[in-house]
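Written below as structure tokens is the structure these notes are about.
No value in this document is a laboratory result; all are computed from the given coordinates. Note that the structure is predicted; figures quoted are calculated from it, not measured. Neighbour counts are summed over all protein chains in view; Cβ atoms, including those assigned to glycine, are modelled from backbone coordinates with ideal geometry.
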Amino acid sequence: MIEILQGDITRLDVDAIVNAANPSLLGGGGVDGAIHRAAGPQLREYNKTLGGCPPGEARLSPGFNLPARHVISTVGPVWHGGDQGEARILENAYRNSLELALANDIRTIAFPAISTGAYGYPREQAARIALRVMREYEPRFDRIIAVLHSKEDYDLYKRILEEIQGE
């Protein structure tokens, strides 16, 4: 089942939350900074051992001080107008996060909106990609949750999910 929630992803008691990380995996702004603050300094120390993460790929870490047991860090694309493979990279960020979850027996997973903050990806296009990939994987998970910070993003995801489910 795909759920759309408005709130704080760091408070969810799930098998894994996904971090919209930068390639260093060592923390940053937005949701990345919030996850690192909530998980504690052990997340940064652990992630130093992972050697970074290229855009579109994903890495698994323990959840440390989070209610979530794991953090899956993925790097979305920086928006450059849409003609430099951004859609494929964003799709891969979601797909590789879900594949990594399956490989580690993760049955409940929560995602933020990847690449729509500082990376500038247009929100509606990003939401369509995210929800399309989530729908593809839906039967293989107990719960897939999109956690949006703003009411505007929450409403956008709800509308797009209804459209996709109607197709």
TODO: Let me have the 222 nm mean residue ellipticity of the chain computed from DSSP H runs of 4+ only, each contributing -39500 (n - 2.57), with the sum over all residues rounded to the nearest 500.
DONE: -13000 deg cm²/dmol
Task: Rounded to the nearest 20 debye, dipole of the chain from Cβ charges on Lys, Arg, Asp, Glu - done: 360
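Could you please report the charge total around Arg37, scoring K, R as +1 and D, E as -1 over all other residues with beta-carbon less than 13 angstrom from its beta-carbon?
Working: positive: Arg11, Arg44; negative: Asp8, Asp32.
Cβ neighbours under 13 Å give a net charge of 0.
Per 0.36 nm of contour for each residue apart, how much would the distance between Arg143 and Glu167 grow if the chain were fully extended, relative to their Cα-Cα spacing? Mind dumping the intermediate values first?
On the way: separation 24, 0.36 × 24 = 8.64 nm, distance 2.10 nm.
Gain on extension, Arg143 to Glu167, equals 6.5 nm.
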Open item on the list: I need the helices of the chain that pass two filters: whole DSSP H segments spanning 24 Å or more by Cα along the axis, and mean Kyte-Doolittle score no lower than -1.0.
Closed with: 86-103
Task: Spin-label pair Lys151/Glu136, simplified geometry with 7 Å Cα→Cβ offset, distance in nm - done: 3.4
Task: Taking Glu91, Glu138 and counting other C-beta atoms within 10 Å, the order from fewest to most - done: Glu138, Glu91
Open item on the list: Looking only at region 42-165, where both bridge partners belong to it, what percent of the DSSP beta bridges are antiparallel (to the nearest 5)?
Closed with: 55
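Counting Lys and Arg as +1 and Asp and Glu as -1, what is the net charge of the other residues whose Cβ lies under 13 Å from the Cβ of Leu66? Numbers along the way, then the final one.
Numbers: positive: Arg11, Arg37, Arg69; negative: Asp8, Asp13, Asp15.
Residues close to Leu66 contribute a combined charge of 0.
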Task: Computed magnitude of the charge dipole of region 112-167 (debye, nearest 20; Cβ of K, R +1, Cβ of D, E -1) - done: 120
Open item on the list: I need the calculated FRET efficiency for the pair Gln6 and Glu99, taking r as the beta carbon distance and R₀ as 25 Å, to the nearest 0.05.
Closed with: 0.40
- [ ] With just the Cα atoms of region 3-71, tell me how far they stretch along each of the three principal axes, in Å, largest first.
- [x] 31, 23, 21
- [ ] Go from 0 up to the bin containing the longest alpha carbon distance in the chain, width 10 Å each, and give me the % of pairs per bin.
- [x] 11, 44, 38, 7, 0
